[in-house]
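What follows draws every value from the coordinates through simple rules; no lab data is involved. Just so it is clear, the structure is predicted and the values come from calculations on it, not from any experiment. Ideal geometry is used to build each Cβ from the backbone, glycine not excepted, and the neighbour counts take in all protein chains shown.
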């Protein structure tokens, strides 16, 4: 089975994000970058399918030279090959999907795995866009996956329940939490991953269709104030509702 | 100020994580420092004993009241200031360690002392001079306290900055903001030169701030603390290393301890060899516990170590090569080690260690038992002798036990489970034997849990009665009516 896993490099989720001086990107100074957590699920699922059915797992990312770190992490987890498509520094979803499609056409995978979304821009568009460009079935937000005799059965989380979807290979699956528990890399694999080659390719001729014109940090939620049932506090509550909230 | 007198609330504040039980008449929850100062003065004016409750995560009953009032610091939980340039934070006592760590991580800083229980509060950590896994490289809480605002029993305030008030030999003078002067004659005792949390910190020419750190709430109440923090390393490697042989895990621990102690003196970016910042041990019984929670522990594993190594881009390959080749020599399971380099993995490994403590607590609560265990540590060169001694003896008890903890600091806990009074006596007898052996080898009765109300006997084994009497005199100088945290230490 030939499996292509698409991964992205995102800021560590616990990092405090600061907006850069240009006002439309984040200041990456001191920020740690990691493999998008949902993409780790996609990598793990690819590895498990390979362990069961044999085949090759290839990880690809669209990025710059900086993105080699996440490809090395994928190698340490156990993928066989990695591809770096060197493209725009801040691409939009369309650009990424076009470039992933170009790689998919070259690699001809039976299955394409992605995280359900990248936790940086949260567009959730790429799995579906890729399906459209490649003319392949695309099943999003999958929390359980079975592949037998070329038939794909996927469970999707939907509001209040789960939906079971079938498709045939080749197809595209985006991973949701619960699909698996990503493994820790092994020491020898981490060490081997450092010397493995990275297949570097130029970006396909595609252009971003959207551009970021500004970023703002969300306003902090106002802190709640707890009042008791003392007379003073009751008077204070009435005053606050009247003067501060202006609702009575 | 919140005041609670209902039975359910009082019951909550009457128990700590060791399941030690006490009682109180009232719980006060001040909402700012002014309220704290006011209530202390008020209660002490009425001669009402005051016990300070932090996170109630202690293991010796030091936060458990015997009578009178509890003052809980839970609402004094503001991170007042983070000064990134000077690597310092100003905190109220009720800030929980995990909250502080999360806030610091956002800006690439961290607070090195890392007690296993991160629900514990900074006030509690200072009062017990808490330590944890990273004490191996960085030392205990004491090393990170720069300034303390302490409320004394009469409501007076001491503002102590490190380096400003020093003892003259064994005489220490401190003056409160109100202008009252206290003169203390320190006993000439020798503390063991290892990780240690038993009784007051006393040294010739010592800093006054150190007397209050680790005093278990008996001398004053911490209202505010300025703590030192550290920049996060460029890279951090974490791992749970599994071993198939009980002797070889100890050999491996000895080698990496020695290497780390030598190499941790240098800049982590320059080291080309192992310089772990923590080394934690799990014996086969501990792993047995953990198998209830984690199904992926290798079947052949009979022991494990949790390690963390600070690295840079320049030296990571050299360090990993060294680690792998050393591990292969001592374990057939070298390829089964769990290795992680991101925060999620590090927190997973930390949780793995903490889950053991939680699992124990769960069992104790289920069976209504108090924790019986050792908190002893010994100097490095006697560790092998000590470890063989305690494991030999704990096995002889025939009781269910497990051994785990800070093997980097030669500080391995043994915890025992008992079903009845006669087993409890056997367990206590074992603990006493372990303590005596630790003292014979120049070690300590309590490396981190403190004395509290449960381990007073251990303090008496450690120090001569005259030394303990002079510690009591220090207590009565600051708290003549013996109101603060009554029953702790003495």
Using 7 Å Cα-to-Cβ label points, what is the residue A:132/residue B:359 separation (nm, one decimal)?
5.0
Intensity falloff of the stretch B:369-448 expressed as log10 I(q)/I(0), Debye formula with alpha-carbon point scatterers, at q = 0.24, 0.25 Å⁻¹:
-1.11, -1.19
Compute a Gaussian network model of chain A, connecting alpha carbons closer than 10 Å, and tell me which residue from A:100, A:49, A:219 fluctuates the most.
A:219
Return one number: the angle in degrees, 0 to 90 and rounded to the nearest 10, between the long axis of the Cα atoms of helix B:246-263 and the longest principal axis of the Cα atoms of chain B.
70
Given the options A:229, A:199, A:22, which has the most mean-square fluctuation in a GNM of chain A, springs set between C-alpha atoms less than 10 angstrom apart?
A:229
May I ask you to derive the FRET efficiency for residue B:473 and residue B:428 from their Cβ-Cβ distance with R0 = 41 Å, giving the value to the nearest 0.05?
0.85
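Quick check on the stretch A:2-202: what does the Kirkwood estimate of hydrodynamic radius come out to from the alpha carbon pairs, in Å?
After inverting the mean inverse Cα-Cα distance, the result is 17.1 Å.
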How far apart, in nm, are two points set 7 Å out from the Cα along the Cα-to-Cβ line at residue B:419 and at residue A:235?
6.5
Suppose the Debye formula is applied to equal point scatterers at every Cα of chain B; what is log10 I(q)/I(0) at q = 0.06, 0.08, 0.14 Å⁻¹?
-0.26, -0.48, -1.47
Could you tell me the calculated FRET efficiency between residue A:159 and residue B:79, based on Cβ-Cβ distance and R0 = 45 angstrom, to the nearest 0.05?
0.75
I'd like the distance between the alpha-carbon centres of the stretch B:414-449 and the stretch B:84-140, rounded to an integer number of Å.
29
Helix axis angle, B:421-440 relative to chain B longest principal axis, alpha carbon, degrees
90
Taking the convex hull of Cα positions in the stretch B:125-257, its mean projected area over all directions (nm²)
10.8
Would you mind pulling out the separation of the Cα centroids of the stretch B:242-280 and the stretch A:177-200, in Å?
25
I need the Debye-formula profile for the stretch B:232-366: one equal scatterer per C-alpha, no solvent, reported as log10 I(q)/I(0) at q = 0.19 1/Å, two decimals.
-1.10
Gap separating the Cα centres of the stretch A:59-115 and the stretch B:184-203, nearest whole Å
60
Residue order, fewest to most beta carbons within 10 Å, for B:382, A:171:
B:382, A:171
For labels at residue A:196 and residue A:13 in the simple 7 Å Cα→Cβ model, what's the distance in nm?
2.4
Rg to Rh ratio, the stretch B:42-188, alpha-carbon atoms and Kirkwood radius?
0.98
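What value does the stretch B:195-240 have for Rg/Rh, both radii from Cα atoms and Rh as Kirkwood defines it? The partial results should precede the final answer.
Working: Rg = 15.9 Å, Rh = 13.9 Å.
In the stretch B:195-240, Rg relative to Rh is 1.14.
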Rule-of-thumb check for the stretch B:315-452: C-alpha Rg over 2.2 N^0.38 Å?
1.24
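Direction-averaged shadow area of the convex hull around the Cα atoms of the stretch B:237-284, nm²? List each step's numbers first, then the result.
Details: hull surface 14.2 nm².
Reported value for the Cα convex hull: 3.6 nm².
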Rounded to the nearest 500, the 222 nm mean residue ellipticity computed for chain A from DSSP H runs (n ≥ 4, each -39500 (n - 2.57)) alone is -8000 deg cm²/dmol
Taking the Cα atoms of the protein assembly as shown, report the difference between the largest and smallest coordinate on each principal axis, in whole Å and largest first.
84, 74, 49
